[in-house]
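The values are calculated or read from the model by the stated rules, or taken from the named source; none is laboratory data. Quick caveat: nothing in here was measured; it's all calculated off a predicted structure. For neighbour counting, all protein chains shown are included, and Cβ atoms are generated from backbone atoms with ideal geometry for every residue, glycine included. Heavy atoms of the whole protein, side chains included, go into the accessibility calculation; ligands, DNA and RNA do not. Shrake-Rupley method; radii C 1.70, N 1.55, O 1.52, S 1.80 Å.
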Amino acid sequence: MSEDTLNLLDLANKFLASLEEPFVGRHEEALVIALSLITGEHVVLIGEPGTAKSAMARRSADLLEAKYFKYLLTKFTEPSELFGPLDIAGLRRGIYKRITKNKLPEAEIAFLDEIFNANSAVLNSILSIMQERILYDGYNEIKVPLWTLMGASNRIPEEPELEALYDRFLFRHNVRPVDEEHWEGLLNASWDIEKGVYMQASKIMDISNVKALNSLLFKVDINNIKSKLLRMFMILNEKGLQLSDRRKGKILKAIAAHALLEKRYQATESDLIVLKYTVPKNIEDFEKIGTILMEELKTKDRVMRELEEITNNIKTSRRSLQQMQSFDPRLLEIYKNLKAAKSKVQNLVQDVEDEEIRKKAEELNDMIESLSQEIMIKLNM
């Protein structure tokens, strides 16, 4: 990678860190917003009020100094509230146009709260803006600069007329209240927010940088994970998680974006974690996909869990070894098990770049080596 590219990827990671900084326990939310921006796709955050959805959208725009539009939708929302009022003076001259200043047609990043309350009067216009970046208004076609639309809702739509809108969101994330272990940090962060510590978000990069990141997507080599991805599609289908052809294709962009955030031009199995944010449709799906990924991919949680299991087995072997005499036939069996454990550790951490996992694996290898030496001494080898 060139120095300019590395600097750009550094900016992306700095943006991600700064986005989540004021929000305790919101790394996944920050990640899914960053992925939506890099891919130029849309994201919907689903969860109860008070879970920082709008605050994170606002901060992402501030960190980019992007043109931002925010609105709370109701079933009574009129087109003029989103797209601007009609120009009355123009109408008198026989010209039909809207005054779009500070409205959705001028936004680069938009946040629509309770987006599934959209009525038919605005629904089709929102759809065309999301898909084509064009507002069809009367006889006019207005090209809009919208890069990413962020939606929020406390529910998943069940109405057939909203299916097309919901499908336009490549990224979907279920936002839950933070866990009990984060409550103290939440209180401290909330106090800082109330004091105004994070009131002014310093610009990290701008939309031109985001577009430059987007142009790097197709430099990412995804060939070596295609077979695993196809297998995942089959597994998901068997579990009742069907994906449209369009969504299957767009997931490749999400995979490439995740690789870029890891500063790689080579996609690895770990990048398939984006399935967690692109596959779910119903609330139940979010938990289901998490379980499937834990079982099928080298996710951090899974790898750490398996390394911990190996650690416990080695500790058990060490206690057994202390009770054995030299030339005990069970020593060779333990020695073989240690060699197998070492091989398993190597396979687990292969292509994994997480520093915490690497450190854990190194500690585990040291334990295996130390115990192997003890066995060799007992065997006089």
Inset, instruction - Find all pairs meeting these conditions: Cβ atoms under 7 angstrom apart; at least six residues apart or on different chains; first residue within region 63-74 and more than 18 Å from GLU106 (Cβ to Cβ); second residue open to solvent by 10 Å² or more (accessible area, probe 1.4 Å) and among the hydroxyl-bearing types (Ser, Thr, Tyr). - result: LEU63/SER18
Legend entry - One residue from LYS143, LYS219, LYS211 being closer than 17 Å to ALA34 by Cβ and open to solvent by 20 Å² or more (accessible area, probe 1.4 Å): LYS211
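Here's the yes/no breakdown for (1) closer than 15 Å to ILE375 by Cα; (2) among the aliphatic types (A, V, I, L, M):
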position: ASN313; (1), (2): no, no
position: ARG319; (1), (2): yes, no
position: MET324; (1), (2): yes, yes
position: PHE327; (1), (2): yes, no
position: GLU333; (1), (2): yes, no
position: LYS339; (1), (2): yes, no
position: GLU356; (1), (2): no, no
position: LYS360; (1), (2): no, no
Legend entry - Breaking point among (1) of a type in the set (Ser, Thr, Tyr); (2) under 19 Å from ASN13 (Cβ atoms); (3) open to solvent by 10 Å² or more (accessible area, probe 1.4 Å), for SER244: (2)
Legend entry - Flag for LYS344 being open to solvent by less than 50 Å² (accessible area, probe 1.4 Å) and within 41 Å of the chain's Cα centre (by Cα): no
Inset, instruction - Please find, within region 322-341, the residue that is nearest to ASP271 (Cα to Cα) out of those that are in a helix (DSSP H, G or I) and open to solvent by less than 30 Å² (accessible area, probe 1.4 Å). - result: ALA341
Legend entry - Single unsatisfied condition, PHE169 versus (1) outside any loop (DSSP other than H, G, I, E, B); (2) surrounded by 15 or more Cβ atoms within 10 Å (Cβ to Cβ): (1)
Inset, instruction - Please name all residue pairs, on different chains or six or more residues apart, with Cβ atoms under 8 Å, provided the first residue is in region 17-33 and is on the phi > 0 side of the Ramachandran plot and open to solvent by 40 Å² or more (accessible area, probe 1.4 Å) and the second residue is in a helix (DSSP H, G or I) and of a type outside the set (S, T, N, Q). - result: GLY25/HIS182; GLY25/GLY185; GLY25/LEU186
Legend entry - Every residue from region 256-291 that is within 29 Å of ALA164 (Cα to Cα), open to solvent by 10 Å² or more (accessible area, probe 1.4 Å) and not in a loop (DSSP other than H, G, I, E, B): HIS258, ILE273, LYS276, ILE283, GLU284, ASP285, PHE286, GLU287, LYS288, GLY290, THR291
Inset, instruction - For region 112-119, indicate whether the set of residues that are touching a strand residue (DSSP E or B) at 6+ places or on another chain (Cβ under 6 Å), open to solvent by less than 10 Å² (accessible area, probe 1.4 Å), of a type in the set (Phe, Trp, Tyr) and farther than 26 Å from ASN214 by Cβ is non-empty. - result: yes
Inset, instruction - Scan region 172-192 residue by residue and report those that are among the basic types (Lys, Arg) and open to solvent by 20 Å² or more (accessible area, probe 1.4 Å). - result: ARG176
Legend entry - Single condition LYS195 does not satisfy, out of (1) modelled with pLDDT of 90 or more; (2) basic (Lys, Arg); (3) open to solvent by 40 Å² or more (accessible area, probe 1.4 Å); (4) more than 24 Å from LEU348 (Cβ to Cβ): (1)
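To keep it simple, each residue is scored yes or no on (1) over 24 Å from ALA17 (Cβ atoms); (2) free of Cβ contacts under 8 Å to residues at least 40 places away in the same chain.
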| site | (1), (2) |
| --- | --- |
| ASP206 | no, no |
| LYS239 | yes, no |
| ASP245 | yes, yes |
| ALA254 | no, no |
Inset, instruction - Pick out the one residue from SER227, SER215 that is small (Gly, Ala, Ser), part of a helix (DSSP H, G or I) and farther than 25 Å from LEU16 by Cα. - result: SER227
Legend entry - Options LYS226, LYS239, LYS253: the member that is open to solvent by 80 Å² or more (accessible area, probe 1.4 Å), charged (D, E, K, R) and under 27 Å from ALA164 (Cα atoms): LYS239
Legend entry - From LEU371, LEU364, residue being at pLDDT 85 or above, closer than 12 Å to VAL303 by Cβ and in a helix (DSSP H, G or I): LEU364
Inset, instruction - Please name all residue pairs, on different chains or six or more residues apart, with Cβ atoms under 7 Å, provided the first residue is in region 300-319 and is charged (D, E, K, R) and the second residue is surrounded by fewer than 15 Cβ atoms within 10 Å (Cβ to Cβ). - result: ASP301/MET294; ARG302/MET294
Inset, instruction - Please give the strands (runs of 3 or more DSSP E) falling wholly within region 43-154 in which 1 or more residues are touching a His at 6+ places or on another chain (Cβ under 8 Å) and at negative phi. - result: 43-46, 148-153
